[in-house]
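Some notes on the structure that comes next.
The values are calculated or read from the model by the stated rules, or taken from the named source; none is laboratory data. Just so we're clear, the structure is a prediction, and the values are computed from it rather than from any experiment. In this analysis, Cβ positions are derived from the backbone assuming ideal geometry, glycine residues included, and neighbour counts consider all displayed protein chains. Remember, those area values only see protein heavy atoms, side chains included, never the ligands or the DNA or RNA. Shrake-Rupley method; radii C 1.70, N 1.55, O 1.52, S 1.80 Å.
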Amino acid sequence: METTREDFEKRPWIDLDRGIRYKEFIEGNKKLKLAEYSTGFIENDWCLKAHLGYVLEGNFSINFSGQLKRFIEGDIIQISSGEESRHKLIIERNDYALIILVEDL
């Protein structure tokens, strides 16, 4: 078994859009992502991907087809893939969230 050590702090931040930036590490068919969301982030389209994550800091809501669920620091996020689990992350004014996510590629 091969072992890898990476310094995640040295990975560059990628500014995706207003209110979101992230760092990622990809190994095989898995992606580890550190995502930072802040005021100004708007998710325009419904996401159909599965997500597994942990809220390191802050708080936010996720809209699951009209049903809002609030997540706070220390919460685990587990979302299945597919239309029945479609979702949008919502950052309210003055909200901030730092989340670790593991995703399949």
Residues of segment 55-79 classified as small (Gly, Ala, Ser) and surrounded by 12 or more Cβ atoms within 10 Å (Cβ to Cβ), total: 2
Under the condition of being polar (S, T, N, Q) and closer than 12 Å to residue 91 by Cα, which residue from segment 15-52 is farthest from the chain's Cα centre (by Cα)? 39
Residue in segment 38-54 that is open to solvent by less than 50 Å² (accessible area, probe 1.4 Å) and free of Cβ contacts under 8 Å to residues at least 24 places away in the same chain present: no
Going by what's in this entry, would residue 74 be described as in contact (Cβ under 8 Å) with a residue 12 or more places away in the chain, among the small types (Gly, Ala, Ser) and outside any loop (DSSP other than H, G, I, E, B)? no
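Do you know which residues across segment 5-21 are open to solvent by less than 100 Å² (accessible area, probe 1.4 Å) and more than 18 Å from residue 101 (Cβ to Cβ)?
The one that is open to solvent by less than 100 Å² (accessible area, probe 1.4 Å) and more than 18 Å from residue 101 (Cβ to Cβ): 7.
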